Each structure stands twice: as C-alpha cells, then as structure tokens.
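Worksheet for the structure shown next.
The values are calculated or read from the model by the stated rules, or taken from the named source; none is laboratory data. Being a predicted model, the structure only gives us computed values, none of them experimental. Cβ placement follows ideal geometry from the backbone for every residue including glycine, while neighbour counts extend to all protein chains displayed. Just so you know, the surface numbers come from the protein's heavy atoms only, side chains and all, with ligands and any DNA or RNA stripped out. Shrake-Rupley method; radii C 1.70, N 1.55, O 1.52, S 1.80 Å.
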Amino acid sequence: MSYTIKALNVINWIIWKERIETILNPHGVHRDIDGTSKRPTMDKDEITYWDKQDYVTQTLILNNIKDDKVVHVSHAKTIKEAWENLETIHEMRRCEIPDAEFKAILIMSLPKSWGT
C-alpha cells in the first residue's frame, strides 16, 4: 500500500496530523503515539516486536516532515516522545495564526465535494 502526503511544514500541522493518524490507525501503531501502548519489560520477543513497531513509526514520521523539523524528533527515544515534541511546537504555533488565516487554511483543506 502506498501513501502520499505533503511533508509537515510550518502551516500544515492540522492537516498533516490527521493524515498521519489515518495512516497509523489501521496498523495499530497509534497506541504508541498516545502512550496507550507501553513497552513490555519481561518477554524478549514482545520487547523486540514493540521496538520494531516504534522504529517503523518513527521512520514514517521522520520521512514525512521537512528537514527543518527533524531536530524536533531526531533525539527522541520513542515515537511518543517524538510526537509530543511535534505537538508542543505546532500546537503552540497554531495559537499564533490569525483567525482569518486559520479559517482560510481549514476551508482550503476541505474536499471539493464539501460545497455540493
């Protein structure tokens, strides 16, 4: 299966977040982002599987962000930590966007069929 989304940049956090979450949910790795899934501590096979899933999810995120965003995720030990870093940066910035600009971004993100 192939996915194409525009890389995370300064202004597309809301749209990017929705698209990434849509990709992650069917694969069950969204639990790793929100912290619902905890890294196992006893069973070696479960630890290996969890680490692999976390790495794959980190790779997916890393490959879908602009180069200037890599600094926010490159030192994170888990995908949860990387995601929290991105949320902190972008949720804070979202508050800085004027209402008119924010509305325009939302309207532009609607599918063409929305108005029909």
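If you place +1 on the Cβ of every Lys and Arg, -1 on the Cβ of every Asp and Glu, and leave all else neutral, what size is the dipole of the chain about its Cα centre, to the nearest 20 Debye?
On the way: 16 positive and 18 negative charges, 57 e Å.
It comes to approximately 280 debye.
Once you've got the GNM for the chain with C-alpha springs shorter than 10 Å, pick whichever of Val73, Val56, Val29 has the biggest mean-square fluctuation.
Val56
Order Asp32, Asp51 by their accessible area, 1.4 angstrom probe, all chains in place, largest first. Walk me through the numbers before you get to the answer.
On the way: Asp32 10, Asp51 60 Å².
Ranked list, largest accessible area first: Asp51, Asp32.
Among all the lysines, which ones have a C-alpha under 19 Å from Lys69's C-alpha, if same-chain residues fewer than 8 places away are not counted?
Excluding near neighbours in sequence, the set is Lys6, Lys17, Lys77, Lys80.
Where Lys and Arg each count +1 and Asp and Glu each count -1, what net charge lies around Ala7 among other residues with Cβ under 13 Å from its Cβ? Intermediate results must be reported in sequence, preceding the final value.
Numbers: positive: Lys6, Lys17, Arg19, Lys66, Lys69; negative: Asp67, Asp68.
Taking every Cβ under 13 Å from that of Ala7, the sum is +3.
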